[in-house]
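Input: a single structure, listed below in structure tokens.
Just so you know, all these numbers are worked out from the coordinates, no wet-lab data involved. Owing to the predicted nature of the structure, the values given are computational and were not obtained by experimental measurement. No Cβ is skipped: glycine too gets one built from the backbone with ideal geometry, and neighbour counts run over all protein chains shown.
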Amino acid sequence: MNKNIKLAVAGAVLALSATAANAGVIIPAGEWTVDISGNVNSFFSQSKSTGGATVKGGIAAGGNAASVNSQGTGLLPNFLSVSGTTRQNDLDVTWLISIQPGGDVGSAGQLGTQNNRQAYLTFGDKSWGSVKLGKDLGVFASDAILNDMTLLGVGAGAGLGNATYGRIGTGFQYADWKSQVAYTSPNFNGFQVTGALTQGWNATATTGASSLSTTNRGGANPAYEGKASYSFAVNDVTGKVWVSGIAQKIGGGTTTDDPVATAGDIGANINVAGFGLTGYYYGGKGIGSTFQFLDGYSAAGKARDSDGGYVQATYVLPTKTKAGISWGQSNLDLASGESNTTLLKTNEMLTVGLYHPLTKHLNLVAEYSHITSENQAGAENQTNSGSLGGIIFF
């Protein structure tokens with residue numbers, strides 16, 4: 001199975017352990033072993049919003065809207081991945097290409113949205129580590145999303161084309177899918193580090209948001225990302241602790257007093273006797289609160305501080321259903337000298353969910369989320385959302 005999907009399933013710890021370990025369709029092909037894997041998911045969601053506040057960057061819809069229903073994929077898009085592995089010249093060599101077909105019906109009757117989130121190669125050896133070249137999940141905040149229980153569900157709706165927000169923007173920032181050059185060390189008894197140069201974002205002033213907003217990839221400035229983690233297993237207790245960070249000089253022809261945006265995080269996950277507990281915190285300057293660097297600066301080019309985190313608890317019931325509860329928030333501060341009452345101050349979400357393994361590959365999911373978005377003047381919008389659906393891995 002695609003490495004990131006494996007990590008997603010294992011990290012979220014929402015299904016039986018057998019579900020997390022299964023590979024896809026394995027095909028021997030000469031010197032290569034080809035793996036066809038992925039997932040398909042679909043959810044029906046119903047939401048109701050209240051509040052008429054203007055919250056630029058808010059996730060709760062507001063507007064005293066009537067109930068709205070939607071059908072489509074959850075936080076984890078549909079994945080179809082094809083990968084190959086081989087051992088040549090004392091090197092482990094892999095390649096992977098994936099597509100993410102949308103499960104919704106797009107505008108004007110189009111047949112949904114399709115993404116291309118992964119296309120990379122790796123080479124290395126367990127004695128010295130591995131090098132990755134190509135497009136894959138970013139390094140900073142990657143463990144936050146891979147341990148989020150809404151990864152196998154919906155969380156907050158709307159947002160990402162052919163995927164929902166999940167807890168993105170209400171406890172952590174989106175790790176994003178980035179072109180990168182990355183090195184990962186060997187596993188030293190559970191300890192491992194990764195360092196990467198990733199394709200950065202440019203920033204330009206946007207009058208409507210009264211801020212500098214990320215608009216496109218490219219420019220002269222890459223992002224520098226790194227992560228260190230330690231995984232452990234002692235008797236029936238398993239867990240992981242990690243820290244990660246990112247730094248990028250902001251380009252795109254903008255003038256700023258704080259030209260380098262930075263952020264760091266720390267998180268931990270522990271599992272014992274059917275219980276799972278995850279805690280996470282991040283903080284940054286110029287990084288924004290939802291998507292990296294989005295609204296991280298004022299219109300005057302001054303960096304805004306931000307922070308947030310989430311806590312999550314899960315328990316496997318005697319029926320093998322996993323019950324979970326998760327709360328988190330993301331906060332954005334005004335920059336020095338800035339007056340912007342409609343800018344986001346806090347996005348907050350409480351989610352409860354049930355995740356039932358109908359088979360070792362198929363999980364049924366029921367979730368309820370309450371989302372609150374508050375602006376700098378204290379006005380807020382709220383959205384209540386429920387979803388039912390399923391996700392299958394192969």
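Assorted remarks:
- Estimated at 0.36 nm per residue, the fully extended path between V68 and S336 surpasses their Cα-Cα distance by 92.6 nm.
- Computed over the stretch 247-371, the quotient of the alpha carbon radius of gyration and 2.2 N^0.38 Å is 1.38.
- A simple packing score, the average count of other Cβ atoms within 10 Å per residue, orders the peptides 134-142, 42-50 as 134-142, 42-50, with the highest score first.
- Ranked V181, V316, criterion: other C-beta atoms within 10 Å, fewest first: V181, V316
- Proximal aspartates and glutamates relative to K285, as straight alpha-carbon distance under 14 Å, when same-chain residues fewer than 8 apart are discounted: D257, D258, D265, D295, D305, D307, D333
- Surrounding net charge for G171, when Lys and Arg each add one and Asp and Glu each subtract one, Cβ distance under 12 Å: -3
- A protection proxy built from the mean count of other Cβ atoms within 10 Å ranks the segments 187-196, 323-332, most packed first, as 323-332, 187-196.
- Of K132/K227; K56/K249; K132/K240; K126/K360, those spanning more than 26 Å from alpha-carbon to alpha-carbon: K126/K360
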